[in-house]
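Peer 1: Would you mind keeping the following structure in view while I ask a few things?
Every number here is computed from the coordinates shown, using simple stated rules; none is lab data. The shown structure was predicted, so the numbers you read here are calculated from the model rather than taken from an experiment. Using ideal geometry, Cβ is built from the backbone for each residue, glycine included, and neighbour counts are taken over all protein chains shown.
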Amino acid sequence: MPVIDVKDLSKIFGKNAKKATKYLDEGLSKEEILKKTGNTVGVNRATFSVEEGEIFVIMGLSGSGKSTLVRLVNRLIEPTEGSVMIDGQDLAKMDNKSLREVRRKKLSMVFQRFALFPHRTILENAEFGLEIQNIDKEERRKKAQESLEMVGLGDYIHQFPGQLSGGMQQRVGLARALANDPEVLLMDEAFSALDPLIRKEMQDELLELQESMKKTILFITHDLDEALRIGDRIALMKDGKIVQIGTPEEILINPANDYVEKFVEDVDRSKVLTAEHIMKRPETVDIEKHGPRAALERMRKEGLSSIYVTDAKRNLKGYVTADDVSEAVKNEEDNLKNILRTDIVEVSEDTSMHEIFNVIHDATVPVAVTEDGRLKGIIVRGAVIAALSGSEVSLNGDLS
Amino acid sequence: MGIFPEIPVAEWITAATEGIQEALKPIFTFLREDFGDFIEVFAEDWLMNVPIWLFILIVAVLAFFASGKKFGLVAFTVIGLWFVANQGLWEELMNTFTLVIFASLISVIIGVPFGIWMAKSKAVENILTPVLDFMQTMPAFVYLIPAVAFFGIGMVPGVFASVIFATPPTVRFTNLGIRQVSGELVEAADSFGTTGAQKLFKVQLPMAKKTIMAGINQTVMLALSMVVIASMIGAKGLGQSVITALQRAQVGPGFVAGFGIVILAIIIDRFTQNLNTQRGDNP
């Protein structure tokens with residue numbers, strides 16, 4: 001069961017929301033509804049679910065309704081219609097008392113502009129969520145302290161937020177959200193107000209923390225690079241509507257429509273695409289079965305100047321070059337062992353294009369993609385360049 | 001005139017005042033007698049029984065700490081109070097001080113809750129805003145008339161009139177202070193599941209403290225400005241000395257009593273302003 005399950009969730013701002021929902025049913029656009037009723041459509045029938053331990057990114061430009069959407073999930077904004085199931089309970093229909101209980105125990109939020117309480121010390125900020133549950137002082141201080149240490153701020157507990165840099169303040173925001181050990185973290189543009197370098201650092205740190213925490217995270221951002229970097233899945237929003245949900249690769253490779261395509265046009269693909277996406281099925285020879293003659297024949301047929309050599313279980317042994325093989329044939333040798341070369345550049349399937357790019361220009365033969373010593377595919381230089389330019393990435397999903 | 005006969009507004013108000021006077025008689029009697037006695041005891045038996053040198057010393061020490069361990073306010077306090085005592089106006093000063101303290105305290109006790117209520121409800125704000133405007137713009141002398149009707153003459157009607165005149169700033173600034181707390185902070189509090197009271201006491205009021213204190217400072221100053229007016233209906237103190245001097249056209253004594261009020265005003269103002277610091281402020 002998904003931790004967050006949102007169905008047909010809508011928010012219409014202004015009076016006469018009923019009338020506007022009727023227009024939504026008729027499929028009118030946000031502008032038309034604004035013109036007809038004066039109502040602003042914040043979120044238009046959003047449906048998605050987030051599994052346990054997943055980082056689900058909602059991505060859109062300003063005005064796309066993403067911040068409204070995240071506030072509907074913890075009901076800081078009252079939904080006009082639809083349901084928000086958290087662990088199977090519908091938040092949208094809850095009375096205030098149960099809603100408070102869910103907010104205290106299950107949902108925590110991190111804000112774009114940190115939203116730290118300036119009159120409270122760092123420690124007092126971090127313990128806020130526990131304090132309002134009336135947990136006794138000693139225990140909540142301990143938990144707050146642990147949480148602050150987790151984000152690397154253990155030494156700053158008696159400072160005030162105003163004395164800290166932006167990056168540090170957001171760590172406090174994160175620590176405050178984590179202190180009451182929620183199942184779900186809602187992060188509203190949490191890193192958008194930070195400098196690019198700090199932002200990247202915080203993204204890395206979040207991913208690192210997530211390794212051990214395994215929280216369910218709903219992350220809002222307007223930055224596609226950020227979405228691609230940290231999202232397990234991404235929902236793209238436009239005019240209050242979710243236009244596509246998918247993994248970063250799916251969104252990049254199969255944009256659902258022109259809007260998404262335009263969006264991903266400028267993405268730095270080298271950070272998103274990995275070896276798996278651009279590798280090719282390798283031509284190989286089996287070191288046990290094939291001798292120089294067979295190898296030469298295979299290379300001639302495929303037009304190759306070198307070929308990878310494996311054993312029967314596809315464990316990579318090395319490669320041989322056409323010159324060496326011709327020599328061996330002349331000398332009537334009967335196996336490849338003597339001419340086997342092993343100076344191979346190896347990468348794994350999830351190595352990013354960025355790194356591949358760095359190693360490929362030193363390689364004399366195609367880069368080998370291996371997993372536990374087994375050859376999964378090869379990457380030729382042309383494929384890297386084609387992928388980087390964004391033209392026709394030939395996805396070798398069928399390679400296994 | 002002619003077609004429109006004069007509307008008997010004055011008669012209505014008189015009737016209403018008499019009605020209120022009749023309906024709330026037990027309360028007014030209690031306030032006039034028991035509360036009046038208490039004020040008198042406070043001023044004459046407590047404040048005036050403190051030796052002048054001890055009183056000045058205590059205020060000077062408080063001034064030292066209130067002003068962040070600087071000596072400017074201390075020096076002013078000592079010299080100012082000594083001057084008032086030297087002019088033989090110490091009892092008047094104590095009476096005036098009592099009037100201001102009670103009027104301010106009551107104003108704050110009434111004003112802050114109303115300010116909070118105003119901040120929490122748009123409807124209440126819409127209703128109270130013109131009421132507050134009315135209270136502040138109506139000439140303060142006018143309040144003396146019902147005050148006398150309800151409480152006779154003396155300190156109690158003086159406090160009553162001062163409270164009406166001095167409460168609005170506290171209400172307004174409390175409302176403003178709470179409304180100024182950034183929306184994201186309120187959201188943050190909500191997102192952690194605060195109750196209304198937790199949000200108010202842990203976030204909104206502490207954040208609004210500076211603004212509320214500015215309002216209270218205004219209230220105290222307005223209460224002090226009522227001193228002379230209140231003395232027209234028998235409130236004792238420096239105001240009475242001013243009025244007496246006015247009636248007898250004595251310029252000298254009039255100004256001396258006026259200086260006393262100014263000195264008291266400056267001391268109270270600096271005290272309330274210096275108390276107005278907030279945790280987490282950048283120095």
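Peer 1: Build a GNM of chain B with springs between Cα atoms under 10 Å: which of B:Ala265, B:Ala166, B:Ala249 gets the top mean-square fluctuation?
Peer 2: Largest GNM mean-square fluctuation: B:Ala249.
Peer 1: Placing unit charges on C-beta atoms (Lys and Arg positive, Asp and Glu negative, everything else neutral), compute the dipole magnitude of the protein assembly as shown about its Cα centre in debye, rounded to 20.
Peer 2: So the magnitude is around 1740 debye.
Peer 1: Averaged over its residues, how many other protein chain Cβ atoms are within 10 Å of peptide A:106-114's Cβ atoms?
Peer 2: The per-residue average across the peptide is 3.
Peer 1: Taking the Cβ of B:Gly239 as the center, what net charge do the other residues with Cβ under 14 Å away carry, scoring Lys and Arg +1 and Asp and Glu -1?
Peer 2: -1
Peer 1: Sticking with this one: What residue among A:Gly65, A:Thr321, A:Gln244 has its Cα farthest toward the positive end of the dipole of chain A, where the charges are +1 on Lys, Arg and -1 on Asp, Glu, each on the Cβ?
Peer 2: With unit charges placed on the Cβ atoms, the residue in question is A:Gly65.
Peer 1: Still on this structure, I have one more. Could you state the angle between the C-alpha long axis of helix A:137-150 and the longest principal axis of the C-alpha atoms of chain A, as a value from 0 to 90 degrees rounded to the nearest 10?
Peer 2: Tilt of helix A:137-150: around 30 degrees.
Peer 1: Here is a follow-up. What fraction of the DSSP beta bridges in the protein assembly as shown is antiparallel, stated in percent and rounded to the nearest 5?
Peer 2: Bridges in the protein assembly as shown that DSSP calls antiparallel: roughly 60 percent.
Peer 1: Over the residues of chain B, compute the C-alpha Rg and express it relative to 2.2 N^0.38 Å.
Peer 2: Dividing the Cα Rg of chain B by 2.2 N^0.38 Å gives 1.15.
Peer 1: At what distance in angstrom do the alpha carbon centres of region A:245-279 and region A:171-216 lie from each other?
Peer 2: 24 Å
Peer 1: Hey, another quick one. Given a cut-off of under 8 Å on Cα pairs at least six residues apart, what relative contact order in percent is computed for region B:118-267?
Peer 2: For region B:118-267, the relative contact order is 25 percent.
Peer 1: If you don't mind, another one. Between region A:76-96 and region B:170-217, what is the separation of their alpha carbon centroids in Å?
Peer 2: So the two Cα centres are separated by 27 Å.
Peer 1: Dividing the alpha-carbon Rg of the protein assembly as shown by 2.2 N^0.38 Å yields what?
Peer 2: 1.48
Peer 1: Treating the beta-carbon of each Lys and Arg as +1 and of each Asp and Glu as -1, no other charges, what is the dipole magnitude of region A:275-389 about its Cα centre, to the nearest 20 debye?
Peer 2: Charge dipole, region A:275-389, about its Cα centre: 340 debye, nearest 20.
Peer 1: Under 8 Å for C-alpha pairs, at least 6 residues apart: give me the relative contact order for chain B, rounded to a whole percent.
Peer 2: Relative CO of chain B lands at 22 percent.
Peer 1: Restricting attention to region A:214-273, which chymotrypsin sites (Phe, Trp or Tyr not before Pro) occupy a DSSP loop and are surrounded by at most 12 other Cβ atoms within 10 Å?
Peer 2: none
Peer 1: Moving on. Work from the charge dipole of the protein assembly as shown (Cβ charges, +1 for Lys and Arg, -1 for Asp and Glu, about the Cα centre) and give the residue of A:Asn254, A:Gly53, B:Ile27 farthest towards its positive end.
Peer 2: My answer, from the dipole projection, is B:Ile27.
Peer 1: When chain B is treated as a GNM, springs tying every alpha-carbon pair under 10 Å, which of B:Gln87, B:Gln247, B:Gln180 comes out with the largest mean-square fluctuation?
Peer 2: B:Gln247
Peer 1: So how far, in whole Å, is the C-alpha centre of region B:1-79 from the one of region A:286-302?
Peer 2: Comparing the Cα centres of region B:1-79 and region A:286-302, I get a distance of 109 Å.
Peer 1: If the only charges are +1 at each Lys and Arg Cβ and -1 at each Asp and Glu Cβ, what is the size of the charge dipole of chain A around the Cα centre, to the nearest 20 debye?
Peer 2: Once rounded to the nearest 20, the dipole reads 1760 debye.
Peer 1: Among B:Ala63, A:Asn358, A:Val43, which residue has its Cα positioned farthest towards the positive end of the charge dipole of the protein assembly as shown, with +1 placed on the Cβ of Lys and Arg, -1 on the Cβ of Asp and Glu, and the dipole taken about the Cα centre?
Peer 2: B:Ala63
Peer 1: Where the convex hull is taken over the Cα atoms of region A:129-244, what is its projected area averaged over directions, in nm²?
Peer 2: So the mean shadow area of the Cα hull is 8.4 nm².
Peer 1: Only Cα pairs under 8 Å and at least 6 apart count here; give the relative contact order of region A:275-389 as a rounded whole percent.
Peer 2: Across region A:275-389, relative contact order equals 30 percent.
Peer 1: Then there is this: What base-10 log of the normalised intensity I(q)/I(0) is obtained for region A:275-389 from the Debye formula, alpha carbons as equal point scatterers, at q = 0.13, 0.19, 0.21 Å⁻¹?
Peer 2: Per q value, in the given order, log10 I(q)/I(0) is -0.48, -0.94, -1.10.
Peer 1: What whole-number value in cubic angstrom gives the convex hull volume per residue for the C-alpha atoms of chain A?
Peer 2: 177 Å³
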